[in-house]
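A.B. asks: Please see the structure below; I have some questions.
The values are calculated or read from the model by the stated rules, or taken from the named source; none is laboratory data. It should be emphasised that the depicted structure is a prediction, and the values quoted were computed from it without experimental measurement. We place every Cβ from the backbone using ideal geometry, glycine too, and count neighbours over all the protein chains shown.
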Amino acid sequence: MRNSPVSIKPRGENWGQRIQSPAVNLTPFYFLLPVLLACLVLVAACQRDGEHGAELYVFGTLVEIKLWGVAAQDASHAFAEIQQMFQAMHRDWHAWEPGRLTDINRAFAEGRSATADADIVEVIRRSQSLETATGGRFNPAIGALIRLWGFHTSDYPIEGPPPSQAQISALLDLHPSTADIRIEGLEVSTGNPAVQLDLGGIAKGYAVDLTIARLRAMGINNAIVNAGGDLRAMGTHGDRPWRVAVRKPGGGNVGSIQVHGDEAIFTSGNYERFRQDQARRYPHIIDPATGWPAKDVASATVITAEGILADGVATALVVAGLDGWPEVARALKLKQVAVVDENGTVYMTPAMEQRLEFTGDFKRVIVDPGAGPGSRDRGQSKVPGPGTGVTGTGVRVKCQSNYSGTLL
Ligand code: AMP
Ligand code: MG
């Protein structure tokens, strides 16, 4: 990767720090929000055979942006605008560092109304319909529960015992729900002081959608934005599609996905961030019905047209578990879903099977969510080639450390 003619001006104390390799540990996007203002670092910008790329290194997370067929000056302008957008999101969306969202949460707790901005209002509206559509599995009003579990921190791993059932029940009994939020213009309020917004399960999807929309408004129609492995793309990489490699833990790839034009590919996992108590792990995705972390599903990957939908439902699919995910897929009319269990077995919809090009040996089970509850046919395992079986690895479209994906 050569130095780029694309000029992006370093800003802030940590700007200019260069990372030698993109192979860094990536964490989900929510963790890029806490530090965007403080240490947003553009680590690389390059031009290569018609491709302009920029990498924003934020809080251990790499956001890769690639543009195709764009003049250097336009690419530079686009990267600068995206950087500003991320900075604004940091200011407004953080769940525990003081900002607009914490102001809203404080107002909710005190029974006051608060003024949001148009983006937060839009995300609340989308969250309300997603909460309903997922049967309450996606519920960003459970911020107090997420805080109780200790997940409002940037310092992982968290160690120590889980909260007591009494503490969990005390919050559950208050039934926080986005349905409790009233929206009038930009004014938001609730009669339920237990409602505390945590947008970590949906923010990245919204940001990726915004990025693509901004690029399009600038006349850029061939781009990919990979925010910590959750991505949205449009157009092509010249005469070939954008492609995402799917890696497996410990190195190598399990396969790849060719991006078809404008679509989003998101993955939620239960293993990246967790509380560790001796031998037990308590993942950061909480089932709003029980107040306890989701089980069963190691990761859920979904391909949809929109990042915000893909992000929200990927989280809900993890909560739904192995028995419940087809129901969520059916309710949301999701065609392309892959769910990996703790043993590395990949459960896929027929349409997802068409998209995932496996390079390794994985036990695969095709599930048609349209066929109704209990349609998972464990006897229909498709294992390619002789001598293959369950490998203990699975599909993951997140970069690095665990199941991971990268742009090809
Ligand atoms: P994701 O990586 O998109 O699945 O988002 C996980 C993040 O979403 C967590 O770190 C929490 O901030 C938040 N979260 C956890 N459980 C839920 C849930 N059931 N519904 C909505 N957001 C959640
Ligand atoms: Mg999500």
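A.B. asks: In segment 119-144, what residues are over 12 Å from Y206 (Cβ atoms), hydrophobic (A, V, I, L, M, F, W, C) and more than 16 Å from ligand 2 (Cβ to nearest atom)?
C.D. replies: First, the residues of segment 119-144 that are over 12 Å from Y206 (Cβ atoms): 128-129, 131-139, 141-144.
When the remaining residues are screened for being hydrophobic (A, V, I, L, M, F, W, C), the result is 133, 138, 141-142, 144.
Once the filter is applied, which keeps residues that are over 12 Å from Y206 (Cβ atoms), hydrophobic (A, V, I, L, M, F, W, C) and more than 16 Å from ligand 2 (Cβ to nearest atom), segment 119-144 yields only A144.
A.B. asks: Quick one: is D311 assigned to a helix (DSSP H, G or I) and within 20 Å of G229 (Cβ to Cβ)? Working first, answer last.
C.D. replies: Values: assigned to a helix (DSSP H, G or I): yes; within 20 Å of G229 (Cβ to Cβ): yes.
Here the answer is yes, as D311 does meet what is asked.
A.B. asks: Just for helices (runs of 4 or more DSSP H) wholly inside segment 65-138: which have at least 3 residues that are of a type in the set (G, A, S)? Before the answer, list the steps.
C.D. replies: Details: elements: 72-93, 100-109, 118-133.
Output list reads 72-93, 118-133.
A.B. asks: Of everything in segment 190-214, what is small (G, A, S), at pLDDT below 95 and more than 22 Å from I286 (Cα to Cα)? Give them in sequence order. Walk me through how you get there before you give the answer.
C.D. replies: Taking segment 190-214 and keeping what is small (G, A, S), we get 191, 194, 200-201, 203, 205, 207, 213.
Then keep just the ones that are at pLDDT below 95; that gives 200-201, 203, 205, 207.
Within segment 190-214, A207 is the sole residue that qualifies.
A.B. asks: Just one of A223, A264 is closer than 23 Å to F86 by Cα, buried (at least 24 other Cβ atoms within 10 Å of the Cβ), assigned by TED's automatic domain parsing to the domain that holds G307 and at pLDDT 95 or above; which is it?
C.D. replies: Details: A223 fails: assigned by TED's automatic domain parsing to the domain that holds G307.
Residue meeting the stated conditions: A264.
A.B. asks: Look through F108, F151 and report the one residue that is within 18 Å of the chain's Cα centre (by Cα) and either of a type in the set (S, T, N, Q) or surrounded by 15 or more Cβ atoms within 10 Å (Cβ to Cβ) (or both).
C.D. replies: Values: F108 fails: within 18 Å of the chain's Cα centre (by Cα).
Checking each option against the conditions leaves just F151.
A.B. asks: Give me the pairs: first residue in segment 305-318 and without any contact (Cβ under 8 Å) to a residue 60 or more places away in the chain, second residue surrounded by fewer than 24 Cβ atoms within 10 Å (Cβ to Cβ) and among the charged types (D, E, K, R), beta-carbon distance under 7 Å, and six or more apart or on different chains, which are they?
C.D. replies: As it stands, the answer is A305/D262; A305/E263, since those pairs meet every condition given.
A.B. asks: So which pairs qualify, if the first residue must be in segment 262-274 and within 10 Å of ligand 2 (Cβ to nearest atom), the second must be assigned to a strand (DSSP E or B) and among the basic types (K, R), the Cβ gap must be under 7 Å, and the two must be at least 6 apart or on different chains?
C.D. replies: none
A.B. asks: Against the definition (surrounded by fewer than 24 Cβ atoms within 10 Å (Cβ to Cβ), touching a helix residue (DSSP H, G or I) at 6+ places or on another chain (Cβ under 8 Å) and at pLDDT below 95), how does R364 come out, yes or no? Quick ask: steps written out before the conclusion?
C.D. replies: Details: surrounded by fewer than 24 Cβ atoms within 10 Å (Cβ to Cβ): yes; touching a helix residue (DSSP H, G or I) at 6+ places or on another chain (Cβ under 8 Å): yes; at pLDDT below 95: yes.
Yes.
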